[in-house]
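A.B. asks: Would you mind keeping the following structure in view while I ask a few things?
Just so you know, all these numbers are worked out from the coordinates, no wet-lab data involved. Because the structure is predicted, anything quoted here is derived from the model rather than measured. Cβ: placed from backbone, ideal geometry, glycine included. Neighbour counts: every protein chain shown.
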Amino acid sequence: MLTEKITTAGKTKEVVRSSRKRRIKEEHRAPRGKKTTEQQVAINRNGQLSRATNIVNANFDENCASNGATYRKGEEPKDRKAALRDRGNWIKRLGRYCEKEGIEFKYFIVTEQGKNGRWHHHIIMPKIPVSDFGRIWGKGDVYSRDLDDSGDYKKLAEYLIKKTDWEFDHYEELKGKQRYSISKNLKKPEVEIRHLRGKRFGTEVRPHKGYRILPESVYVSRNPWSGADYIYYRMVKLTEAEEKNMNKGTWSNAEIKKLEEMAKKGMTARKMAWALCRSETSVRDRLRKMGLKAGKPQVIYGVYEREKETPLIIGTTEECCDYLDLKKSSFQSMASRGGTSRVEIVALGKDI
C-alpha cells in the first residue's frame, strides 16, 4: 500500500508518496541524551526547511517583504539571549506600528550569528516604508526586498535557514532546536493524506489540475530509518498567462531555442512540458515539426550497501554505471540478480 501526503500552502503543493514503512530491526532510535548523528542532523534540517517553506508560502504574498536588520558598532548583543531580547522588543514595536496603521501584523523571523560573530535578524512581514522600519529598529542598518507574486518562496526559505547553519553546527545546545519563530496568527498549511491501495511504488508523477510540477524538485530516495521508498515533488499554481500558453499554437524564438537545448539533453517530453508551461501534446507536435525527438523515460535504480538503508546513489543506468565504474551490460546483469553480496540494486520505477 502507498501513502501520499499532499501539503497545500498558498499557490504551491508539496507531495510525498511513500511505500509501506518497514523499520530496520538493527537500527533503533538512539537513547535520549545520546549525541545526534550527522545523518539525523541533516534530516532534521531538511524537515525544518520543508516546514518553513510551507509556512511562508501559506501566509505571505506580493504585499509582503523580506527585511533584515543589523547592529551598529557598540550596539551588539553579548549573546543569543540578549539578541532574542532585542528581537522581542522590536517585534512589539512593529506590532504597535502596524496596529496604528491598520495593517494586520504577522511575521516569520530568523535570528542568526555569522562566522564573524555579528548578529542579524531577518523578518518576513507586511510591507511598511523602509524609513519607518529602520526607525523602529533603531540599532543599525536595515534592508527590505518586496516579495514577488509567484507564491513560491522556497529559495527565500532556503536562504534564511542556510543563514543559521554556522551557529547551529557549532553549538551543541542548538542542534535539533527550531531555527525560526512565527506569529500566532499564521495559517497552517492544509495537509491531506491519501492511502493508495493496490498500487505499487513508482516514480511516475502528474501535476494536479491548474498546477505545474517544478522538474528540479522531483526527488526519489529511501527513508534511512523506516526503509520506505519515497518520491518528493512540488507544484505551483499556473498563472492566467501560463494557462493560456498551455495549448497556444505559436511558439516564441526563446521557447524554440530552449526546447532544442532540452531535446539535445535527452529530456522527456513531460519534463519539457513542465519547464515550458505547455501541454505534452503541444511539445511533441513542435518537436515533430523541428525533426527532433524527446528522450525516453529511463528506469531509476537505487544502489544500497547491504544491511544499510541510505542509498549510495539513486539514478539512471548511466549514472549508476559511472558511480560504480561498471559497463552497462555488467550493471544490467547485476540489477537482474538484485545486486551482489556487497550491494543491493533496486528498480524504483521510471524517470518522468
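A.B. asks: When the Karplus curve 6.51 cos²θ - 1.76 cosθ + 1.60 is applied with θ = phi - 60°, which whole-Hz ³J(HN,Hα) does each residue of the stretch 264-274 get, with x for Gly and Pro?
C.D. replies: Running phi through 6.51 cos²θ - 1.76 cosθ + 1.60 with θ = phi - 60° gives 5, 7, x, 5, 6, 4, 5, 5, 4, 4, 4 Hz.
A.B. asks: Let me ask something else about it. So what's the convex hull volume per residue for the Cα atoms of the stretch 299-350, in Å³?
C.D. replies: Value for the stretch 299-350: 66 Å³ per residue.
A.B. asks: Based on the alpha-carbon gyration tensor of the stretch 244-295, what equivalent-ellipsoid semi-axes (square roots of 5 times the eigenvalues) come out, in whole Å, largest first?
C.D. replies: Equivalent-ellipsoid dimensions as semi-axes: 15, 11, 10 Å.
A.B. asks: For the chain, give the magnitude of the charge dipole about the Cα centre (Cβ charges: +1 Lys/Arg, -1 Asp/Glu; no others), in debye to the nearest 20.
C.D. replies: 800 debye
A.B. asks: Same structure, new question: Applying the Karplus parametrisation 6.51 cos²θ - 1.76 cosθ + 1.60 with θ = phi - 60° to the phi angles of the stretch 94-110, what ³J(HN,Hα) value in whole Hz is obtained for each residue in order, glycine and proline being reported as x?
C.D. replies: Calculated HN-Hα couplings, in order: 5, x, 5, 4, 5, 4, 5, 8, x, 9, 6, 8, 9, 7, 10, 9, 10 Hz.
A.B. asks: Rounded to whole Å and ordered largest first, report the semi-axes of the equivalent ellipsoid of the stretch 41-176 derived from its Cα gyration tensor (root of 5λ).
C.D. replies: 23, 21, 12
A.B. asks: Evaluate the charge dipole of the stretch 113-271 about its Cα centre and quote only its size in Debye, nearest 20, assuming +1 on the Cβ of each Lys and Arg and -1 on the Cβ of each Asp and Glu.
C.D. replies: Charge dipole, the stretch 113-271, about its Cα centre: 460 debye, nearest 20.
A.B. asks: Oh, and also: Sum -39500 (n - 2.57) across every DSSP H segment of at least 4 residues in the chain, then divide by the residue count to get the 222 nm mean residue ellipticity, nearest 500.
C.D. replies: Rounded to the nearest 500, it is -10500 deg cm²/dmol.
A.B. asks: Which net charge results when you count Lys and Arg as +1 and Asp and Glu as -1 among the other residues whose beta-carbon is under 9 Å from that of Glu4?
C.D. replies: +2
A.B. asks: Here is a further query. Which Cα, out of Gly140, His170, Ile314, lies furthest along the positive dipole direction of the chain (beta carbon charges, K/R +1, D/E -1)?
C.D. replies: Result: Ile314, furthest along the dipole toward the positive end.
A.B. asks: In addition: On alpha carbon coordinates alone, what is the Rg over Rh value for the chain, Rh being the Kirkwood radius?
C.D. replies: 1.02
A.B. asks: Dipole of the stretch 299-350, Cα-centred, from +1 at each Lys and Arg C-beta and -1 at each Asp and Glu C-beta, to the nearest 20 debye?
C.D. replies: Roughly 220 debye, rounded to the nearest 20.
A.B. asks: Can you find, among Ala273, Gln298, Leu287, the residue sitting farthest towards the positive end of the charge dipole of the stretch 259-309, where Lys and Arg contribute +1 and Asp and Glu -1 at Cβ?
C.D. replies: Ranked along the dipole, the leading option is Leu287.
A.B. asks: Moving on. Search the structure for amide H atoms under 5 Å from the amide H of Leu348, placed 1.01 Å from N in the peptide plane, and list their residues when 5 or more places away or on another chain.
C.D. replies: Ile300, Tyr301, Gly302
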